[in-house]
1. Based on this model, can you work out whether Arg186 counts as among the basic types (Lys, Arg), at pLDDT 95 or above and touching a Phe, Trp or Tyr at 6+ places or on another chain (Cβ under 6 Å)?
2. Cβ-Cβ distance below 7 Å, separation of 6 or more or different chains: which pairs start in segment 164-189 with a residue that is assigned by TED's automatic domain parsing to the domain that holds Met90 and over 13 Å from Leu50 (Cβ atoms) and end on one that is polar (S, T, N, Q) and assigned to a helix (DSSP H, G or I)?
3. Taking segment 56-74, which residues are in contact with a Phe, Trp or Tyr (Cβ under 8 Å, 6 or more places away or on another chain) and of a type outside the set (Lys, Arg)?
4. I'd like the full set of residues that are closer than 21 Å to His336 by Cα and surrounded by 19 or more Cβ atoms within 10 Å (Cβ to Cβ), limited to segment 253-270.
5. Would you mind finding the one in Arg230, Arg294, Arg299 that is under 23 Å from Gly341 (Cβ atoms), part of a helix (DSSP H, G or I), of a type in the set (D, E, K, R) and under 30 Å from the mean Cα position of the chain (by Cα)?
6. Please go through segment 192-227 and pick out each residue that is within 16 Å of the chain's Cα centre (by Cα) and free of Cβ contacts under 8 Å to residues at least 60 places away in the same chain.
7. Could you grab me the full set of residues in segment 40-74 that are part of a helix (DSSP H, G or I), in contact with a helix residue (DSSP H, G or I) (Cβ under 8 Å, 6 or more places away or on another chain) and either surrounded by fewer than 22 Cβ atoms within 10 Å (Cβ to Cβ) or among the polar types (S, T, N, Q) (or both)?
Amino acid sequence: MSTAAAVTTGDLRRASLAVLRTIDFRAATRDLWADEAALWDRTLASWAGLDEAAWRLPGAARSDAGGPDWSLAEHVGHLADWQEIAIGYMAAAEASGRWPSDDDFDGGDFDRFNERRREPWATMSSHDIISRLTAARPRLLEAAHRFTVEELRGDASWGWTYMTLHGHYLDHLGVIEPWAESLRVRQMDGDPFRPDPRVDSHATFATEAADVTARFESMISAVPADRWDRGDVTPGWTLRDHVGHLADWAAEGGRAVAIFTREGHWIADPEEGIDPWNARHVADARGASVAETRRRYDRAHVELLTSTMTLPLDALRSPVGWSWAYDCLYGHTRKHLAMLGPWCATQDWPDAP
């Protein structure tokens, strides 16, 4: 049996892209809708945990039409754009029996067509891009389901069906997966994706903290409580350990800000060393329930944000002050967003065969 033939529907979520590219998705033995669902899941998981700044960075791929490099935002927006386009041409095909031709799109110059449609995606928030994409998909699937699978696999229709369903996901995963992974590594390492992460006002600090916190909350809330202690997310640490660890450092940051406010000096890092301090606190908290851990995390983050708002701006922006405030609040959360994102995003996947 060939490698491609051995790949089942569930494996599409986990197999290498090289293996996926050997599959004949048009074959009568394939389940068109299950294949689409698997590649959709994989696409959504590819950017899990990346923050807003990561979506804006150019460098995901060169422009085939001579423009600036594309960003993650533009790539995902491009997927949404073509799903919205496909809803229209599938409706027209159902009514008239005519599928599009290449000439309908800038005379067949798809590079030019796509280049001039980079807006509004290039400047749209990641939240709005994903919302447009997730709203378009069910409408596209509804339009596609008006045809029989045999009609969709026909010579006139297959390119237009495959291009905007699983084939388009697969094409762009070849760019999105490695680019998102490189961004994830940078984010885990604390890269702010801009020259200076320090804010110019307390209001900006609060706004950025709220955005990162909301992303983190949305991510961990999607994981059922019974999975928070099931298996390691990173070696030796469960999801509950990670959330508790963030609570530990937020509380320590709050203590540092309180001492500075009261005594005028910043405390030093733990004398025992960061790694031993982390290990000791995680071990001490392992008897806590998921609910207790979440309450402790919420309380510590609110208290640190509240106390940070009382710091003079120059103290907040100072190297030590910024380290205690930003690095213990949303700077720290950004790292764990990137670290936990893929694990959290795949918890509702079917088990691998």
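1. Spelling it out, it is not the case that Arg186 is among the basic types (Lys, Arg), at pLDDT 95 or above and touching a Phe, Trp or Tyr at 6+ places or on another chain (Cβ under 6 Å).
2. Once the first residue is assigned by TED's automatic domain parsing to the domain that holds Met90 and over 13 Å from Leu50 (Cβ atoms) and sits in segment 164-189, its partners that are polar (S, T, N, Q) and assigned to a helix (DSSP H, G or I) give Thr164/Gln83; Tyr169/Thr43; Leu173/Thr43; Leu173/Ser46.
3. Once the filter is applied, which keeps residues that are in contact with a Phe, Trp or Tyr (Cβ under 8 Å, 6 or more places away or on another chain) and of a type outside the set (Lys, Arg), segment 56-74 yields Leu57, Pro58, Gly59, Ala60, Ala61, Ser63, Ser71, Leu72, Ala73, Glu74.
4. Hits for segment 253-270 are Gly253, Gly254.
5. The unique qualifying residue is Arg294.
6. Ala214, Glu217, Ser218, Ser221
7. The answer is Trp40, Asp41, Thr43, Leu44, Ala45, Ser46, Glu52, Arg56.
The values are calculated or read from the model by the stated rules, or taken from the named source; none is laboratory data. Worth saying up front: this structure is predicted, and the values here are computed from it rather than measured. All Cβ positions, even for glycine, are placed from backbone atoms using ideal geometry, and neighbour counts span all protein chains on display.
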